[in-house]
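In what follows, a structure is listed as structure tokens, so that the remarks can point back to it.
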Amino acid sequence: MERMKTFLIYVLVIVGFFVVSLLLEDGLLRAMYSPIAGEFDGHYSATNAEFSVDNMEAKACNVNGYMSFNLKNTTGNFIDKCYVKVDLYNHQKLLADTEYMQVQGMQPDDTKPFNIKFKANHIEKFNISIVENLPDKTNTIEIFGWEIDTTNVFGLGIDISNVTIFGTKLTDIFSWNNIKSTGRSFGSWFIDFVKGIPLWAYGFGWLIVSGVLVL
């Protein structure tokens, strides 16, 4: 019985230490974040009315940040579906990231809380707006965090939207499933290529590699 009590005490001490560590870690992390300024445009063009927000909090450090706010449907209409768009700007006033959150089934005067975590460097400003639909990214690819419109690469008027690599469009390549598909296509192409090399060519190549034949 005494051993059981001792064991329970140890368990409670470990759990308590773990909880305190999490609280201290969260407090220290939050202390590293600085408030960022921003604007909210609640105009919703679909109903020509306004949303509103309250309890806004937004902070960021050098590499990431978080936001929280309550969105209230003050349009006077039932909103079946729309999206909250958050544009994040860095210290150079350049758009560094854009986040979208879906709003669905909001009755008039309903309030919905939002908590957003983002990864972007040196964010100093945000802009929140309400949009009806997500942007069309059919011809957009993402490379190392950069989104590139293949119909107008870097704004230079270069259209590569119909370019294919081993039978796969660029816009279809940049996902794990399509990377595997492209790899298989390349593998099949390489195997067919190797099969098409005549035996005498292998012998010729072996002679060169072994040093028997010098070109």
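Pull up all non-local amide H partners of residue 97: gap of 5 or more, or a different chain, and H-to-H distance under 5 Å with H placed in the peptide plane.
88
Please give the net charge around residue 73, taking every other residue with its beta carbon less than 14 angstrom from that of residue 73, where Lys and Arg add +1 and Asp and Glu add -1. Working shown, then result.
Working: positive: 72, 81, 112; negative: 50, 54, 80, 109, 110.
Once all neighbours under 14 Å are counted, the net charge is -2.
Working from the pairwise distances between different alpha carbons, so that the mean of 1/r is found and then inverted, what is region 77-127's Kirkwood radius in Å? Provide the component values of the computation, followed by the final result.
On the way: mean 1/r = 0.0802 Å⁻¹.
Result for region 77-127, one decimal place: 12.5 Å.
Of the listed pairs 85/117; 59/85; 72/93, which have alpha-carbon separations greater than 21 Å here? Let's see the in-between values first.
Numbers: 85/117 14 Å; 59/85 17 Å; 72/93 29 Å.
Going by Cα-Cα distance, 72/93 fall outside the 21 Å limit.
Bear in mind that the values in this text are calculations on the coordinates, not laboratory data. Only a predicted model underlies this, so the values are computations on that prediction, with no experimental measurement involved. Because the Cβ atoms are built from the backbone with ideal geometry, glycine has one as well, and the counts that use them run over all protein chains shown.
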